[in-house]
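Beneath this line is the structure, given in structure tokens, with notes to follow.
The numbers here are math on the coordinates, done by the rules we state, and not lab data. Quick caveat, the model's predicted, so the values are computed rather than measured. Cβ sites come from the backbone with ideal geometry, for glycine too, and all protein chains shown count toward neighbours.
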Amino acid sequence: MEKPAAQAPGKAASEEKQLDDKELELERERKLKKEQKAREKEEKKLKAKQKETARLQAQATSDGPKKSEKKQKKKAAGDENPEDFIDPETPSGEKKSLAPQMAKQYSPSAVEKSWYSWWESAGYFGADPASTKPPFVIVLPPPNVTGALHIGHALTVAIEDAMIRWRRMSGYNALWVPGVDHAGIATQVVVEKKLMRERKLTRHDIGRDKFISEVLKWKDQYGGTILGQLRRLGASLDWSRECFTMDEQRSKAVTEAFVRLHKDGLIYRDYRLVNWDCTLLTAISDIEVDHLELKEETMLKVPGYSSPVQFGVLISFAYPLEEGLGEIIVATTRIETMLGDTAIAVHPEDKRYKHLHGKHAIHPFNGRKLKIICDAVLVDPTFGTGAVKITPAHDPNDFEVGKRHNLEFINIFTDDGKINSNGGAQFEGMPRFAARVAVIDALKEKGLYKDTKKNEMNLGICSRSNDVVEPMIKPQWFVNCHTMAKAGLDAVRSKKIEIIPQQYEQDWYRWLENIRDWCVSRQLWWGHRVPAWYVTLEDEQLNDLGSNNDRWIVARNECDAMLEAQKKYPGKKFQLNQDPDVLDTWFSSGLFPLTVLGWPDDTADLRAFYPTSVLETGLDILFFWVARMVMMGMQLGGDVPFQKVYLHPMIRDAHGRKMSKSLGNVVDPLEVINGTTLEDLLKRLEEGNLDQNELSVAREGKKKDFPDGIAECGTDALRFALISYTSQSDKINLDIKRVVGYRQWCNKLWNAIRFAMGKLGDHYTPPATIVVSSMPPVCKWILSVLNKAIGKTVTSLEAYKFADATSAIYSWWQYQLCDVFIEAVKPYFFNDSQEFDSARAACRDALWVCLDNGLRLLHPFMPYVTEELWQRLPQPKDSCRKNSIMISEYPSVVQEWADDKLESEFSIILDTVNKLRSLKPPTDTNERRPAFALCRGEDIAATVQCYQSLVVSLSSVSSLKILAESDETPPDCSTAVVNKDLSGYREKAPPSVQEEDMRKLTAFFEQLRVIGEAEKKLDA
């Protein structure tokens, strides 16, 4: 063998270092693997310990039969075929094929598969206008096509589907109509941003027709996404009546409504003050204005400005007075608007200004005379200087003052927020907030500037563009709401419409009693085009479309407009130009209960289903949408659009914060249904439109709230959790942990059915009727409390107390059926003695009745898991059983089941069980110990004696001895008072056993600590 060649010292050292590095790396890997193995070993130990603890705690009195059964199960498990637990693939639209054996664990994704397409194809969601059943009708508040559904939509779906499924099962002709809203301004803004981001184009670059095509593409994409999400949420909507607020029928209805309201004198065109967005170049509705409360001087980013703009300050300056009378000091938060001032108002009783009544101040930049007027409505003489500058064209309060005093209205802004010629040559062309600084400088030069102070203020911000809203006078179309508002007020006062919760009636009265005319035109391209044409006569130039309000012709189409114009201007030549503006989204939405049923046509749906039964929506749009539906429904439909209004709370995060993309606390319902990792949550944030600062805050928020991501919860758990939250007044603080809890509860239901299927047996056939009187007491009791749960659920649903309904159902399933009844009847099933045959048969019947009724009771809230489990239950011989749980009969109270006396006895017994359980120390896991019941009176002793074996079984004690007051108190026992007539005692373990148990428990916690430390090292 050849010897290796000698190496240079430097090279050798280098290679030695590389070897050292490799060895270190290998050592690190070995260490990690060792820690991983240690962790896996400890986890196995922990799981084994937990399993053993659970087994011992759940062990019933008859241990022998249980052990025998477990051995048989274990032996049979080796022969199990895994395929028997997997549902076969079901073609879409067909009834789901279930696996021969129930899976051992509940899986939301497996359970929720296939059922919906079968329900839909079977026609279970449809309603027939010719039906003789009483109608129950809900119109789904149409989601905007701006994007996917959020958790607020999921709440709406959960509540409305619960109502519709309950009523359908209760014998009603239930109709739930789906639709999607075109969401004018919101959708246009989203698509404009998309155009600019992807193609660097504005809507004006491609023109109106091509832009509308782009929006329709967006609508098709996201409209389809929304409809898919509604299906995923289990919404039993009648898809044959699906509509879009801009489809042909709805467009026809919107035009008809506008024409009729105009003919009735309720729609008119006028120059009035509106909320103007200088970025979007349109009027916007009040709901699109967010109000930012500023406590002090604040610098804010404003679209179109490179530097932040100062807000939250009050600027004082002086106007010189005529005739050498000195000056008068005023203050404003919007100093730039002084360029449009036309008066100064003082209180008529303010002695400081008595000598100035009727005098004038002189505008320092244009010499305009500003009259000193007296106005007791506007001016508070104790605030500031008691003198108020009046800008009628740019402030709502000043606008009213201008009308009262017949002042000049001077608009100083262009549509995009620059100073126009009315502002004077010195400032013309300046952006409004640049002019703010320039005006202050100019006042300082003239010696008229006084000071600047911090000032609390409420700043209007457009929710779509983030621009500061500017009050501006514009020619717009308005609806005179006063007569219609009175009808809406009367409808609620007379209880023709009931608002739930009732506390919001006061909001209704306040809003409608102070209603203002409604601006319904928008300077947008996406929406319903205003059905009005402007007449330009021959030899006239079309300089300003609509400058003469008398020239407008409102008609259903251009042909009708031409005929009207010919009648109005006989023998004259003219040109017609349709108003380029579109209608406010709320105008078409306000017609929705009418239009979804076919109005203005006289349809069978309209005759059968109008007015609808209930309108369910968020309390934030009580005025913006609900009030307008009532006004327009009564005016155009001749009746209220719905009989009840249910307002659900607004969803916040677990910390009570408003959900916001910038905070990173927005919850996508599909993320909860399907589950997601923290990594995917963060990835979705980065795919959004957040700036770096917002992204940083949002990322930290996600990491804090969802360090381990979100577990798969399924639709049923999400729906049940959301509905259970509705008891929280006006806000829901959504904690995903609660949803996870209900997902785990679904597993409890699953195991209850698995247990039942095993105990009922393959050949069990439910009886047509059951004889309660011959049943064991525990069976009578479970049926009695089931009866109470049914009654509570139905009355809660009727009262729109949905959280109370979920609470009644949950409590019965969890605390009465699973915790008590199933545990109490196990001895009957685990003991094959013939003496228990009769009781065992009664327990089977009671168990089946409970599960059948319990699943139907729960179905409106958890549609998927209840359908799957109900289909697993044995079927009765009679052919009246329905093919699906969703069209079966909803449970109703059975008087023969009611047994208040028995319930009272069980209440005492279960209190005793709970007290005895509470006496068992956490260290005492090895064996059952004797217990004692000290009874102070014969009646209580007789009751405990009657249910002695039940107490032993449920309390995990070895025996129960009943003591009288004269008996000695048992020694070495823990004690608890059940009530004034009954106390419980449980024997303590000997000191040596207690010490051993404590040692084992300490070792158990040490194992947990070791596992935790290993996890930390692996994560590091």
Sequence neighbours fewer than 8 away in the same chain don't count; with that in mind, list the aspartates and glutamates whose C-alpha is under 16 Å from LYS217.
ASP181, GLU192, GLU198, ASP209, ASP247
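Using mean Cβ contacts within 10 Å as the protection proxy, how do 946-959, 984-997 order, highest first? Please report the intermediate quantities before stating the final value.
Details: 946-959: 18.9, 984-997: 16.4.
The packing order, highest mean first, is 946-959, 984-997.
If each residue of separation counts as 0.36 nm, what is the full-extension length gain between SER97 and ASN883 once their alpha-carbon separation is subtracted?
Numbers: separation 786, 0.36 × 786 = 282.96 nm, distance 1.35 nm.
Result for the pair: 281.6 nm of gain on full extension.
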Once ARG652 and SER727 are pulled to full extension, the length gained, defined as 0.36 nm per residue separation minus their Cα-Cα distance, is 25.6 nm
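Which of rounded, prolate or oblate describes region 503-662 when judged by the alpha-carbon gyration tensor and an a/c cut-off of 1.5? Write out the running numbers ahead of the final one.
Working: a/c = 2.79, a/b = 1.80, b/c = 1.55.
The shape class here is prolate.
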Inter-label distance for ARG529 and SER838, nm, one decimal - labels placed 7 Å from Cα along Cα-to-Cβ:
8.4
With a 26 Å threshold on alpha-carbon distance, the violating pairs from LYS301/LYS454; LYS263/LYS568; LYS113/LYS801; LYS369/LYS444; LYS219/LYS731 are LYS113/LYS801; LYS219/LYS731
Protection proxy ranking of 860-866, 552-558 - average other beta-carbon atoms within 10 Å, highest first
860-866, 552-558
Can you list the HN-Hα couplings for region 892-908, worked out from phi with the Karplus curve (6.51, -1.76, 1.60; θ = phi - 60°), rounded to whole Hz and with x for Gly and Pro?
10, 5, 10, 4, 5, 7, 5, 8, 5, 4, 5, 4, 5, 5, 5, 4, 5
Shape category assigned to region 534-578 from the gyration tensor of Cα positions, a/c cut at 1.5
oblate
Normalised by the number of residues in region 903-989, what is the relative contact order in percent for Cα pairs under 8 Å and 6+ residues apart?
41
Please compute the contact order of the chain in relative form: average sequence separation of alpha-carbon pairs under 8 Å and at least six residues apart, divided by the residue count, as a percent.
12
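What is the mean projected area of the alpha carbon convex hull for region 661-724, to one decimal in square nanometres? Numbers along the way, then the final one.
Numbers: hull surface 16.9 nm².
Mean orientational projected area (region 661-724, Cα hull): 4.2 nm².
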Relative contact order (percent) for region 262-364, with alpha-carbon contacts under 8 angstrom and 6 or more residues of separation?
17
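Provide the gained length on full extension for the span TYR509 to ASP900, in nm with one decimal, where the gain is 0.36 nm per separating residue minus the Cα-Cα distance. Show your work: numbers first, answer last.
On the way: separation 391, 0.36 × 391 = 140.76 nm, distance 4.51 nm.
Gain on extension, TYR509 to ASP900, equals 136.2 nm.
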Need one number: nm distance between label points at GLU540 and GLU1013, each 7 Å from Cα along Cα→Cβ, rounded to one decimal.
9.1
Looking at (i) 0.93; (ii) 1.22; (iii) 1.56, which value of Cα Rg over 2.2 N^0.38 Å comes from a calculation on the structure shown?
(ii)
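What FRET efficiency comes out for the pair SER121/GLN575, r = Cβ-Cβ distance, R0 = 45 Å, nearest 0.05?
On the way: r = 54 Å, r/R0 = 1.21.
Here the calculated transfer efficiency is 0.25.
Listed here are the pairs LYS748/LYS961; LYS354/LYS389; LYS748/LYS1000; LYS915/LYS961; LYS95/LYS759; LYS780/LYS901; which of them are more than 21 Å apart at the Cα?
Values: LYS748/LYS961 33 Å; LYS354/LYS389 17 Å; LYS748/LYS1000 29 Å; LYS915/LYS961 15 Å; LYS95/LYS759 27 Å; LYS780/LYS901 11 Å.
Table pairs above 21 Å Cα-Cα are LYS748/LYS961; LYS748/LYS1000; LYS95/LYS759.
Filter the GluC sites (Glu not before Pro) in region 388-494 down to the DSSP loop ones having no more than 15 other Cβ atoms within 10 Å, then list what survives. Could the numbers behind the result be given before it?
Working: sites: GLU400, GLU408, GLU428, GLU445, GLU456; in loops: GLU408, GLU428, GLU456.
Listed in order of number, the matching sites are GLU408, GLU456.
Might you report the magnitude of the Cβ-based charge dipole of the chain about its Cα centre, with Lys and Arg at +1 and Asp and Glu at -1, to the nearest 20 debye? Provide the component values of the computation, followed by the final result.
Details: 138 positive and 147 negative charges, 226 e Å.
Its charge dipole is roughly 1080 debye.
With all pairs of different alpha carbon atoms counted, what Kirkwood hydrodynamic radius in Å does region 748-898 show? The partial results should precede the final answer.
Details: mean 1/r = 0.0634 Å⁻¹.
Mean inverse Cα-Cα distance, inverted, gives 15.8 Å.
Only helical DSSP H runs with n ≥ 4 go in: add -39500 (n - 2.57) per run for the chain, normalise by residue count and round the 222 nm mean residue ellipticity to 500 deg cm²/dmol. Don't jump to the answer; show the numbers that get you there.
On the way: 32 runs with 439 residues, N = 1020.
About -14000 deg cm²/dmol.
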What is the spin-label model distance, in nm, from ASP415 to HIS355 if the labels are put 7 Å beyond Cα along the C-beta direction?
5.0
Computed E for GLU995/GLU687 - FRET, C-beta separation, R0 45 angstrom, nearest 0.05
0.15
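Quick check for me: using +1 on Lys/Arg Cβ and -1 on Asp/Glu Cβ, what's the dipole size of region 903-989 about its Cα centre, in debye to the nearest 20?
My answer is approximately 380 debye.
What do you get for Rg/Rh of region 296-455 when both radii come from the Cα atoms and Rh is the Kirkwood radius? List each step's numbers first, then the result.
On the way: Rg = 15.4 Å, Rh = 16.1 Å.
Ratio of gyration radius to Kirkwood radius for region 296-455: 0.95.
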